[in-house]
Amino acid sequence: MAISPSQAPSASQQAHVLVVDDDPEITKILARYFASHGFRVSTASNGLQLRRVIEAESVDIVMLDLGLPDEDGLGLMRHLRERWYGPVIIVTGRGESVDRVVGLELGADDYVTKPFDLRELLARVRSVLRRFSQSTIKTVAPNIESRRFTFDGYELDLQSHGLLDPQGKPISLTSGEFALLRTLVENANKVLSRDQLMTQIHGRDAGPYDRSIDVQIGRLRRKIEVDAANPQRIKSIRGAGYLFSPRVQRL
């Protein structure tokens, strides 16, 4: 059974962050810093403890180290995506591009390498939570404009964070994939640069070697394209960015 994250916290609620790291000093620093900024913090030093917290409590976001003693963090990332629907930020000393790409491919919402700046990490956590909250809040004011869109038989619901394929079957999206698809759908037939997409989705500019948008585009293509190697819906525009080509209708 898959485990859902807690409801999006309101302004009066504390967001619950789970720090997963086997370094007690880093765990202590992160727990103290995030608690001082209004977060409720739980910690885990291995995969077993992570599973116990996720199954026992409502967690809003996980910060996951890859270098854990009992289990590879990428394996845990895969487990989280199969069993839990909340956002994950990988926070690790493994800065190799292959680890970054694989982590994002497995569904991480962001990837931060050690050593990190606490203020930047806090900003990234808040950005991911804000994006996730905006896409999962289900309370709708009466008489507002519909927030459901269709394209090529797919149906995207901005309120329920849902995507249905042409046969009506749900397609699982990470919060990053949902934010990307939403941005593309709302800007259909417009060329969006990587920087524009990064700003819309992550609230920051893309660095010269940051390929996270390209990785997310690749993941999304595998979910909505007939042939991801020959994409017809999310097209690459050489030297410019990406274009979402289907005709989009608001329901």
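The values are calculated or read from the model by the stated rules, or taken from the named source; none is laboratory data. These numbers were taken from a predicted model, which means no experiment stands behind them. Heads up, the Cβs are rebuilt from the backbone with ideal geometry, glycines too, and the neighbour counts pull from every protein chain shown.
Filter region 79-122 for residues that are of a type in the set (K, R), surrounded by fewer than 15 Cβ atoms within 10 Å (Cβ to Cβ) and within 27 Å of I171 (Cα to Cα) and give the result.
Once the filter is applied, which keeps residues that are of a type in the set (K, R), surrounded by fewer than 15 Cβ atoms within 10 Å (Cβ to Cβ) and within 27 Å of I171 (Cα to Cα), region 79-122 yields only R83.
Do you know which residues across region 103-125 are part of a helix (DSSP H, G or I) and farther than 17 Å from H79 by Cα?
Answer for region 103-125, where residues must be part of a helix (DSSP H, G or I) and farther than 17 Å from H79 by Cα: L118, R119, E120, L121, L122, A123, R124, V125.
Check D214, D227, D157 and return the single one that is acidic (D, E), without any contact (Cβ under 8 Å) to a residue 24 or more places away in the chain and farther than 21 Å from L106 by Cα.
The conditions single out D157.
Which pairs do you get when a residue that is farther than 23 Å from K114 by Cβ and in the same structural domain as V102 (by TED's automatic domain parsing), found in region 39-66, comes within reach of a residue that is crowded, with 22+ Cβ neighbours inside 10 Å and acidic (D, E), reach meaning Cβ atoms under 9 angstrom, with the pair 6+ apart or on two chains?
These pairs meet every condition: R40/D60.
Against the condition in the same structural domain as Q200 (by TED's automatic domain parsing), at pLDDT 90 or above and more than 15 Å from the chain's Cα centre (by Cα), how does E120 come out, does it pass?
no
Report yes if some residue within region 236-247 is small (G, A, S), modelled with pLDDT of 90 or more, within 25 Å of P87 (Cβ to Cβ) and surrounded by 13 or more Cβ atoms within 10 Å (Cβ to Cβ); otherwise report no.
Looking through region 236-247, at least one residue is small (G, A, S), modelled with pLDDT of 90 or more, within 25 Å of P87 (Cβ to Cβ) and surrounded by 13 or more Cβ atoms within 10 Å (Cβ to Cβ).
Given the residues R94, R100, which is the only one that is under 16 Å from the mean Cα position of the chain (by Cα), modelled with pLDDT under 85 and of a type in the set (K, R)?
R100
Can you confirm whether E25 is surrounded by fewer than 16 Cβ atoms within 10 Å (Cβ to Cβ), outside any loop (DSSP other than H, G, I, E, B) and modelled with pLDDT of 90 or more?
In short, yes.
If you scan region 2-13, which residues turn out to be out of contact with any helix residue (DSSP H, G or I) (no Cβ under 8 Å at 6 or more places or on another chain) and either at pLDDT 95 or above or exposed (fewer than 13 other Cβ atoms within 10 Å of the Cβ) (or both)?
S4, S10, A11, S12
Which pairs do you get when a residue that is acidic (D, E), found in region 81-99, comes within reach of a residue that is not in a helix (DSSP H, G or I), reach meaning Cβ atoms under 8 angstrom, with the pair 6+ apart or on two chains?
Correct list of pairs: E82/A2; D99/L66; D99/T92.
Return the pairs, sorted by first residue and then second, in which the second residue is in a loop (DSSP other than H, G, I, E, B), the first residue lies in region 162-187 and is basic (K, R), the beta carbons are less than 8 Å apart, and the residues are 6+ apart or on different chains.
Once the first residue is basic (K, R) and sits in region 162-187, its partners that are in a loop (DSSP other than H, G, I, E, B) give R182/L158.
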